[in-house]
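The values are calculated or read from the model by the stated rules, or taken from the named source; none is laboratory data. Quick caveat, the model's predicted, so the values are computed rather than measured. Using ideal geometry, Cβ is built from the backbone for each residue, glycine included, and neighbour counts are taken over all protein chains shown.
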Amino acid sequence: MIDFQQLSRATAQTQTARLSFRAVQPADGWHLFAATRIESFNRYLMWSRPADAYQAVARMEAIADAHHQGQMSALSVMERDTGKWVGLFRFLRYRHDPAVVEISLWTHSDFYHASYGFEIVCAAIDSAFGSTSVDLVSASAYQRNRAAQLILERCGFTPFGIVPRPHEDGYDVDLLEFRLSRAQWHATSGQRESAPMGRFAEARARRRNEALRTGQPTAATISGK
C-alpha cells in the first residue's frame with residue numbers, strides 16, 4: 001500500500017530553482033476557478049468547468065480533506081519569486097493495483113511555457129523515488145493532448161496502453177496511459193539532465209502562439225479527477 005502522508009511530507013520539502021510545493025488548501029479553489037476561465041485549461045480535465053468560484057472552492061476543499069486523511073497526496077505548486085499559484089500536483093491511488101501510484105497535474109495557463117510542467121513532474125517523481133518505497137508510477141493523458149504526453153516522455157515515462165476512465169459527466173474517456181518504474185527513472189537520469197531545455201521551451205512557445213492564433217488548446221494537463 002502507498003503511504004500518501006509520507007509522499008506528502010517528502011514532496012512538500014522539495015523545491016527547484018523556480019518552484020516550491022506546499023499542502024493544498026481549500027482557498028486554492030480561488031486560483032483553480034481563475035484557471036478554469038481559460039478554455040484550454042478545461043479541455044483535458046475529467047470534470048466540467050465550474051459555474052462559479054464556490055464550486056471550485058468546494059472541489060479543492062474535498063481534495064484537501066482527502067489529502068489530510070491520507071487518501072491522496074495533493075500539493076499546490078508555487079512560483080518562488082512571485083508567490084503565484086502554478087498548479088496542483090497529486091499522487092493518487094491507482095484503481096487497478098494498490099502498489100502503483102498515479103500522478104495528476106493541473107497547470108495554470110500562465111505556466112504552460114518554459115518547461116514548467118516538466119520541472120514539476122520531475123521534482124515530484126524524484127522525491128517519490130528518493131524518499132519513499134514507491135516502485136511504479138502511472139500517468140494518463142488525453143490521446144490528443146500531445147503537450148502532456150511530451151512532458152511524460154521527457155521525464156522517462158513510456159506508453160502502456162489505452163485505458164477507459166469515467167468523466168464526471170457520465171461518459172468514458174479513452175486515455176493513453178504511461179508507466180515509469182524506479183529502475184527506468186534512475187537509468188534515464190543522465191538523459192533528463194542533458195535534455196535541451198531551450199529547444200523544448202521554444203517549441204512549446206511556438207505551439208502556444210499558434211494555438212492562441214487559431215483558438216486551439218495547448219494545455220499540459222495530466223489527467224486525474
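Residue-by-condition table, conditions (1) hydrophobic (A, V, I, L, M, F, W, C); (2) within 27 Å of TRP30 (Cβ to Cβ); (3) in contact with a Leu (Cβ under 6 Å, 6 or more places away or on another chain):
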position	(1), (2), (3)
LEU88	yes, yes, no
ASP97	no, no, no
VAL134	yes, no, no
LEU150	yes, no, no
THR158	no, no, no
LEU175	yes, no, no
TRP185	yes, no, no
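Results for (1) more than 16 Å from the chain's Cα centre (by Cα); (2) over 26 Å from GLN15 (Cβ atoms), shown as yes or no for each residue.
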residue	(1), (2)
MET46	no, yes
VAL57	yes, yes
ALA66	yes, no
GLY70	yes, no
MET78	no, no
LEU88	no, no
ALA123	no, no
Name every residue in the stretch 37-90 that is over 17 Å from GLU102 (Cα atoms) and of a type in the set (D, E, K, R), in order of residue number. ARG37, GLU39, ARG43, ARG49, ASP52, ARG59, GLU61, ASP65, GLU79, ARG80, ASP81, LYS84
For residues that are within 23 Å of ASP3 (Cβ to Cβ) and touching a Lys or Arg at 6+ places or on another chain (Cβ under 7 Å), tally how many sit in the stretch 105-133. 2
Only residues in the stretch 152-171 that are in a strand (DSSP E or B) and surrounded by 14 or more Cβ atoms within 10 Å (Cβ to Cβ) count as the first member; pair them with residues that are modelled with pLDDT under 95 and of a type in the set (S, T, N, Q), Cβ under 8 angstrom, at least 6 apart or cross-chain, and list the lot. ARG165/SER223
Flagged in the stretch 93-121 as among the hydrophobic types (A, V, I, L, M, F, W, C), more than 12 Å from ILE222 (Cα to Cα) and under 14 Å from the mean Cα position of the chain (by Cα), in numbering order, are VAL101, PHE111
